[in-house]
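Student: I'd like to ask you about the structure that follows.
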Amino acid sequence: MTATSRTIRLTRVVAVTAALAALTACGGGRERPRADLAASQVTTIGVNAYLWRAALETVSFAPLLQSDSNGGVIVTDWYANPRNPGERVKMTISILDRDLRADAVRVAASRQVSQGGQWVDAPVQAATVQRLEDIILTKARDLRRQAIAG
């Protein structure tokens, strides 16, 4: 090894050591990192990015009529399950906050059944709406975990 290559290598080692020392000094406190909270805030949309993506994924089976990321509203068109063509549903998902919280998502659903060739409104079970909200929240939390993990 020549003197020049030893000097270059020594310079690199010193630079890496100094960078590591600086990074270690930054983490000297016991304060919890805030990057995970900021990740949902650093967005060009008006609502929590994790909830928004999770809501879109959750209702991706249905055709979209409207999606407004600034207002946090997703509206699907009527969707009929091919296994049950005599019933159809329409959903509206509202993301209400920039924080990832359980009360930051609301789902409203309409259901119709076919009777004599006409679509007639039918009740939607509250458990169905609650289940959709739970699915969205679970997906949003998983997306957040994945983003934090790298």
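Student: According to the Cα gyration tensor, what semi-axes, each the square root of 5 times an eigenvalue, does the equivalent ellipsoid of the stretch 37-149 have, listed from largest to smallest in whole Å?
Tutor: Numbers: eigenvalues 175, 33, 26 Å².
Semi-axes from the Cα gyration tensor: 30, 13, 12 Å.
Student: On to the next question. Determine ³J(HN,Hα), in whole Hz, for all residues of the stretch 85-93 in sequence, where each value follows from phi through the Karplus function 6.51 cos²θ - 1.76 cosθ + 1.60 and θ = phi - 60°; x replaces Gly and Pro.
Tutor: Residue by residue, the stretch 85-93 yields x, x, 9, 9, 10, 9, 10, 10, 10 Hz.
Student: Taking the alpha-carbon centroid of each part, what is the distance from the stretch 133-150 to the stretch 78-119 in angstrom?
Tutor: Taking the Cα centre of each part, the stretch 133-150 and the stretch 78-119 sit 22 Å apart.
Student: What percentages make up the Cα-Cα pair-distance distribution of the stretch 90-150 when the bins are 5 Å wide from 0?
Tutor: Bin by bin from 0 Å, the calculated values are 4, 16, 21, 17, 14, 10, 8, 5, 3, 2, 1.
Readers should treat all values here as calculations from the given coordinates under stated rules, not as data from a laboratory. As the structure is a prediction and not an experimental result, all values here were calculated from the model.
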